[in-house]
Every structure is written in C-alpha cells, then in structure tokens.
1. Evaluate the following for LYS87: is it out of contact with any Lys or Arg (no Cβ under 7 Å at 6 or more places or on another chain), assigned by TED's automatic domain parsing to the domain that holds PHE244 and farther than 23 Å from ILE261 by Cα?
2. Could you grab me the full set of residues in the range 110-145 that are within 23 Å of the chain's Cα centre (by Cα) and in a strand (DSSP E or B)?
3. Go through (1) of a type in the set (A, V, I, L, M, F, W, C); (2) assigned to a helix (DSSP H, G or I); (3) at pLDDT 95 or above one by one and return the number of the condition LEU245 breaks.
4. Under the condition of being under 21 Å from THR407 (Cβ atoms) and of a type in the set (A, V, I, L, M), which residue from the range 283-311 is surrounded by the most Cβ atoms within 10 Å (Cβ to Cβ)?
5. crowded, with 19+ Cβ neighbours inside 10 Å, over 42 Å from the mean Cα position of the chain (by Cα), modelled with pLDDT of 70 or more and not assigned by TED's automatic domain parsing to the domain that holds PRO193: does that describe LEU389?
6. Test LYS131 against the criterion of being modelled with pLDDT under 95, farther than 19 Å from THR52 by Cα and surrounded by fewer than 15 Cβ atoms within 10 Å (Cβ to Cβ), and give yes or no.
7. Taking the conditions exactly as written (part of a helix (DSSP H, G or I) and either buried (at least 17 other Cβ atoms within 10 Å of the Cβ) or modelled with pLDDT under 80 (or both)), does LEU361 satisfy them or not?
Amino acid sequence: MSPSAISHLAWKSLSNRKTTAILTILTVAISVVLLMGVERIRTEAKSSFANTISGTDLIVGARSGSVNLLLYSVFRIGNATNNIDWKSYQEFRQNRSVEWAIPISLGDSHKGFRVMGTNSDYFRYFRYGHKQTLQMAQGKPFSGLFDTVVGSDVAKKLGYHVGSQIIIAHGLSDVGFSRHDNLPFTVTGILAPTGTPVDKTVHVSLNAIEAIHVGWESGAHLGGTPDVNWLQGQNIHPEQITAFLLGLKSKIHTFALQRQINTYNKEPLSAILPGIALHELWGMMSVAEQALMTVSVFVVIAGLLGMLSSLLTSLQERRREMAILRAMGARPKHIFILLVSEASALTFAGILVGVTVLYGLLAIAQPVIQQMYGISIGLSAISRYEWLLLCLIQLAGTVIGFIPAVTAYRQSLSDGMTIKI
C-alpha cells in the first residue's frame, strides 16, 4: 500500500467514526488552549510589567522591601509604609549625579482609580515601553492648582473629556464622607493609551494634593476646609511625598548614589533598581507560574490519554476491519502506519482547533484584561517556545498512537476472522 492510499484509508476510517473523532479532537484542543493560554498570558504579563517603566535608574521611597516599593510607586498596588520629607527629595534632586527627578504622592482616589500628585517633570521625563514618552490625546498638562490630567482608561470608562469636573476622595475608599466635594478639579488633558498603570491614573499637582488636605489632620476631616479662591491665593507647597524616580547623568553613579540614599541619616529611605526589583518579583511569582504550567501539562497528558483510550476502545471494534485489510494484502506494517497516522491526524487537528480557539478567546478577552488588570495581551505570532510546545504535543500524540498500532500489529489474521458478532 502506498502512503497516499494509507492516508486516504485513515481519513475514511476517521470519517466513519465522526463522533469519536470530534470528541478526541476537542479534548486535545482544550488541552492546547489551556497550555498555550497560560504560556501566552505569563509571557505577556511579564512583558507588560517590564514595559511599565523605562529609563529610570532608581526609585526612592520610605524604608521598606524593594518589591513593595516597586508595586506602589510604579504599579499603584498597595500602599507606602511612610512618606518622605520634601526636603529630602530636594536634597537628592540637587545631587550632581542626578539629571532629573520625578516626585509622586499617592493616597487618594477617584471612583476606583488611583490619584497621583506630581509635577511637570513627570510629563517631560517619564518613559515607558522602549523609552516612549507620554503623549496627550487631548488637551494639555495641568498648570492651575485644581487642574488634572487623566489616563485613557479613566476617560473612557467614566466618559470624561477636556473641561469635565471631578471630585477626588481622601484615601482609597470613594465614599461620601471622604470626598473633597467643595474642591472640584477640571480635566485639562487626557493622555494617549500606554498599556500601563498610567492609563488608570488621575494626575494632579503636588500643590493640589497639599491644598485639598488642609483641615484633614491625621487623615480625618477635623477642621473646616477653605474654599477654592482662598487656597489659590495661598503659597502652598508640598511638605511630604510618597516616593520619587531618579534618572542619572551616568550609569556609573547608580550604586554609589543608591548606597548614599540607603544610608541617609536624616530619615530612613530605600533606593531600588527597577530591573532588579522586577526580577525579584518574578522570583516570588515563579512558584505560581510553575504550578500553573504543571497543571496545564497534566491537562495535556489527560487529553492524550483520553485519545489513547478512544483508539484502544475503537480498536476492539475494528479487529474484523484489520483482519479484512490483512486478507486483502495489507502487511502488518501497513496496519501499524494506519493507526499511527490516525493518532497523528487527530493530534494535529486538535492542535489546529486549539490554536484557533485560543486566538479567538484572546481577541475577545484582550480589552477586558487590559481594562481590569492593565495587562496588554498582544495577538502576536506564535513564538519559538510556543512552536516547541506544539511540536512536543504533536510528537506525544504520534507516540501515543504506537500503543494501539503495536496491539493491532500483533493480532493474527485468524484471530480477526473468528471474532463473533
């Protein structure tokens, strides 16, 4: 029998068992979707996190763990252990090794989105991705005391445009008693999408953060809050900030300045390198990654075992078919190749369906994941590692076909012809 004849026979055999074949293909497809989905989300999440900040040499905050400092200063996750004195920031801003510094102040919110106080240097020096600068989709950066620039997700979800007025709440719980109702902010700009936490942030000036908290001693509204006109007439300056980002004139000075900040005797500070802190974060998450990947591999194994079970079950029903093929001149090796071809074809079809379903699900889930978690899942081509995974699945599916093939190979002609129906 020629290879084309065996392929045609395998196709006819599978067509005759459509229901079983389709169920086997779906089992393999689900396995592929889970394995590839976990790998794609894992790699895209890492890429998205790594692209959140670029070109920053040091992140400085109150004394705490490096991962905690990275999470709240860059990803807006969690809270700082303490604030930093404004004089400390100014001292390091004027250090001869520092080219630029971006102060940030966190702690307030607006309808579930974090509010960040900063200054004009943020729009000038902050970089993300491959050293990309922040761009305005509409309007301009804030200039007045009660101006605000919102991220693209904030504007899209809440329907804001240039000129909209918003109310900021004290703390992360946006409830009635915590809102600064008498001090509305006006949206002067909307940032272009970045695929980073910037899209989910409301940006105001550091002076505005200081102004809205006049009368909020110890985090509680104990005194009367002055009105807008009075505050605008005052010379308000920040007294404390949450953290600041540093860009240095030369990378050579990074470790020397880091040591100087970590041993600063006026207040306890921590200076971290974003890349090293991110690597430490991945180290902490590696256990969860390995667990997910292990579960995915076992699902693939379960899918292949399901295909093996289906092939073995059908083989018992096809013993007469095998005997007839032998009687018509088919050699044992032809029977062997036929069954291996069927297993290989089922695995390939399962992989094809699985990859198609995966890309369809990613296309549907992409905006949801971006909106909820700030992770941009790109519909990029299959990577080299993903191709390796698919080839391993195909190889495993083909090898699985050896078991029923060997069984059929060993069946004698007389055994097949004497089966009672």
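The values are calculated or read from the model by the stated rules, or taken from the named source; none is laboratory data. Please read these numbers as outputs of a predicted model, since none were measured by experiment. We place every Cβ from the backbone using ideal geometry, glycine too, and count neighbours over all the protein chains shown.
1. Spelling it out, it is not the case that LYS87 is out of contact with any Lys or Arg (no Cβ under 7 Å at 6 or more places or on another chain), assigned by TED's automatic domain parsing to the domain that holds PHE244 and farther than 23 Å from ILE261 by Cα.
2. Within the range 110-145, PHE113, ARG114, VAL115, MET116, ARG127, TYR128, GLN132, THR133 meet the criteria.
3. Status for LEU245: all satisfied but (2).
4. This residue is MET307.
5. no
6. no
7. Considered against the rule, which asks whether it is part of a helix (DSSP H, G or I) and either buried (at least 17 other Cβ atoms within 10 Å of the Cβ) or modelled with pLDDT under 80 (or both), LEU361 comes out as no.
Per-residue answers, yes or no, for (1) assigned by TED's automatic domain parsing to the domain that holds THR398; (2) farther than 22 Å from TYR72 by Cα; (3) at pLDDT below 90; (4) among the hydrophobic types (A, V, I, L, M, F, W, C):
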| position | (1), (2), (3), (4) |
| --- | --- |
| GLN258 | no, no, no, no |
| SER296 | yes, yes, yes, no |
| VAL299 | yes, yes, yes, yes |
| GLY303 | yes, yes, yes, no |
| LEU308 | yes, yes, yes, yes |
| LEU315 | yes, yes, yes, yes |
